[in-house]
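Below: one structure, written as structure tokens.
Every number in this text was worked out from the coordinates using simple rules, so none of it is lab data. All values derive from a computational prediction rather than experimental measurement. Neighbour counts are summed over all protein chains in view; Cβ atoms, including those assigned to glycine, are modelled from backbone coordinates with ideal geometry.
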Amino acid sequence: MTMSGTGHIRRTFEGYLFISPWLAGFILLTAGPMIASLYLSGTSWSMLSSPVWVGAQNYTRLLGDDHRFGVSLLNTLYYVALAVPLGLVVSLLLALLLNRRVPGRGLFRTLFFLPSITNLVAVSLLWMWILNPEYGLLNGALRMAGIDGPLWFQSEQWAKPALVVMSLWGTGGTMIVFLAALQGIPGELYEAADLDGAGAFSKFVHITLPMISPAFLFNLIVGIIGGSQVFTQAFVMTGSAEPGSEGGPNNATLFVILYLYKKAFQEFSMGYAASIAWVLFFLILVATILQMKLARRWVYYEAGEQ
């Protein structure tokens, strides 16, 4: 073997050695549990006895006979369809405001970002107080304006919209991504547009949006993935510890992950819960691939970045 070949093998070995902590973590904490859950999805397992192989029976029951899974899937789609676009719009508007040269903008950026890293259980408890129909701040303000506020989490019609409104509390992370993209736009483009007599709206449509479209795509995909896995808010604010009693009035906030949790840890049907997880994984994967395909039509990359 030549010296160059020996050096290549050594550098390869050193490279794998440096990433070995990550590889060990990935295999033990991600890939291993995924393979185990895929196997468990084809079994009947109560965690109190050995798994019994049932093949595709869990999936057949899940996709054909389980009405509650259909309800949870529709609730999740409803939440994603409202929370993700609304969150993108609000976070983009905040990023545009905080990108302007105003006094104290660093402080305002910090203040708007902090809620997104606050413990979600604490945030849920706070919003339970804000949206309390009797003594909550929001309904109190509405009563001062002569408006009778809704029952929020006690109402089938308002439970999911209340969670959508609450989701705006955590737009700080999305805002930071948009803010970084805005600061990466070359100023020469706006200067050239000014020389051509372009207005603010024209510059926003023809310069700002195309230049931040990669960040928009990233936030869209991350938002869909995160929205599809909504759990903590529904569990803390509308969940119930009683088996068969799911989130909110008439299962209004029974999301897929909440249903998975109840199947796994309340009804001890771990194999069935694993099948729910894999169906959700497949749906998220399809949605992500679809977004990547459609992105070719509206995402703009500068030369050399594709």
- Using a Förster distance of 35 Å, how high is the FRET efficiency between Ile117 and His8, based on the Cβ-Cβ distance and rounded to 0.05? 0.20
- Potential extension, Leu38-Leu125 segment - 0.36 nm per residue separation minus Cα distance: 27.8 nm
- Expressed as a rounded percentage, what relative contact order does the chain have, with Cα pairs under 8 Å and six or more residues apart? 26
- Using the Karplus curve 6.51 cos²θ - 1.76 cosθ + 1.60 with θ = phi - 60°, work out ³J(HN,Hα) for each residue of region 122-131 in order, rounded to whole Hz, and write x for Gly and Pro. 5, 4, 4, 5, 4, 6, 4, 6, 4, 9
- Among Tyr135, Tyr16, Tyr272, residue whose mean-square fluctuation peaks in a GNM of the chain (springs only between Cα atoms under 10 Å): Tyr16
- Message: Restricting to DSSP H runs of at least four residues, report the calculated mean residue ellipticity at 222 nm for the chain, -39500 (n - 2.57) per run over all residues, nearest 500 deg cm²/dmol.
- Response: -20500 deg cm²/dmol
- Message: Could you derive backbone 3J(HN,Hα) for region 144-159 from the dihedral phi with the Karplus parameters 6.51, -1.76 and 1.60 (θ = phi - 60°), listing whole Hz in sequence and x where the residue is Gly or Pro?
- Response: 5, 8, x, 10, 7, x, x, 7, 6, 6, 8, 10, 5, 6, 9, 5
- Query: If each of Thr232 and Glu134 carries a label point 7 Å out from its Cα toward its Cβ, how far apart are those two points in nm?
  - Reply: 2.8
- Note on the structure: Computed curve, the chain, Cα-only Debye sum without solvent term, log₁₀ I(q)/I(0) at 0.07, 0.11 Å⁻¹, is -0.41, -0.90
- Message: Take Ala31 and Leu294, extend 7 Å from each Cα along the Cα→Cβ direction, and tell me the distance between the two endpoints in nm.
- Response: 3.3
- Message: For the chain, set up a GNM with springs between Cα atoms under 10 Å and report which of Met166, Met292, Met270 has the largest fluctuation.
- Response: Met292
- Task: Could you let me know the centre-to-centre spacing of region 178-231 and region 3-51, using Cα atoms, in angstrom?
- Result: 38
- Task: At 0.36 nm per residue, minus the direct Cα-Cα distance, what do Phe204 and Leu217 gain on full extension? Give it in nm, one decimal, please.
- Result: 3.0 nm
- Message: Between Leu23 and Glu267, what is 0.36 nm times their sequence separation minus the Cα-Cα distance? Round to one decimal in nm.
- Response: 84.4 nm
- Task: Would you please give the residues with an amide H less than 5 Å from that of Thr43, counting only those at least 5 places away or on a separate chain, with H modeled from the backbone geometry?
- Result: Val54
